[in-house]
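Pasting a structure below so you can have a look.
Read-outs: derived from the displayed coordinates by stated rules, not from any lab. Keep in mind the model is a prediction, meaning the values are calculated, not measured. Note that we place each Cβ from the backbone using ideal geometry, even for glycine, and neighbour counts take in every protein chain shown.
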Amino acid sequence: MTPDSALIDSVIQQIRTYMSRHPHAADTCEGIAQWWVAGECPPCVVDVALQQLHAMGELERIAFGTRQLWRRQQGAR
């Protein structure tokens, strides 16, 4: 099942808002789903939003052991 595009857009906006308030934040997909995104949003929806933000050059992915951390792309505003 593909997540609703309106829900993904909402999550993208919530992540952008969080990053503007906390520009040095970094977390896993699960942490972002729990702490950055308001409401009950499944990690799979957050993952799609993170992938889209990454493709747009807004976020970068950093390998941290077997996990991946997401943070604002260096040099992004």
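Counting alpha carbon pairs within less than 8 Å and at least 6 residues apart, what relative contact order, in whole percent, applies to segment 1-63?
Relative contact order of segment 1-63: 37 percent.
While we're here: Given points 7 Å out from each Cα along the Cα-Cβ axis, report the THR17 to ARG67 separation in nanometres with one decimal.
2.5 nm
Right, something else. Helix 43-55: angle to the longest alpha-carbon principal axis of the chain, degrees 0 to 90, nearest 10?
50 degrees
I would also like to ask the following. Relative to the longest principal Cα axis of the chain, at what angle does helix 5-21 sit, 0 to 90 degrees, rounded to 10?
30 degrees
Then there's this: Want the number for GLN51 to GLN34: 0.36 nm per residue separation, take away the alpha-carbon distance, what's left?
Values: separation 17, 0.36 × 17 = 6.12 nm, distance 1.73 nm.
This chain segment gains 4.4 nm when fully extended.
Per residue and in Å³, how big is the convex hull formed by the alpha-carbon atoms of the chain?
Spread over its residues, the Cα hull of the chain gives 92 Å³ apiece.
Treating the beta-carbon of each Lys and Arg as +1 and of each Asp and Glu as -1, no other charges, what is the dipole magnitude of the chain about its Cα centre, to the nearest 20 debye?
360 debye
Using a Gaussian network for the chain with springs between C-alpha atoms less than 10 Å apart, which of these wobbles most: GLU60, GLU30, GLU40?
Maximum among the listed residues: GLU40.
On to the next question. Among CYS41, ALA6, LEU59, which residue has its Cα positioned farthest towards the positive end of the charge dipole of the chain, with +1 placed on the Cβ of Lys and Arg, -1 on the Cβ of Asp and Glu, and the dipole taken about the Cα centre?
LEU59
Can you show me the helix-derived [θ] at 222 nm for the chain, built from DSSP H runs with n ≥ 4 at -39,500 (n - 2.57) apiece and divided by the number of residues, rounded to the nearest 500.
-13000 deg cm²/dmol, from helical runs alone.
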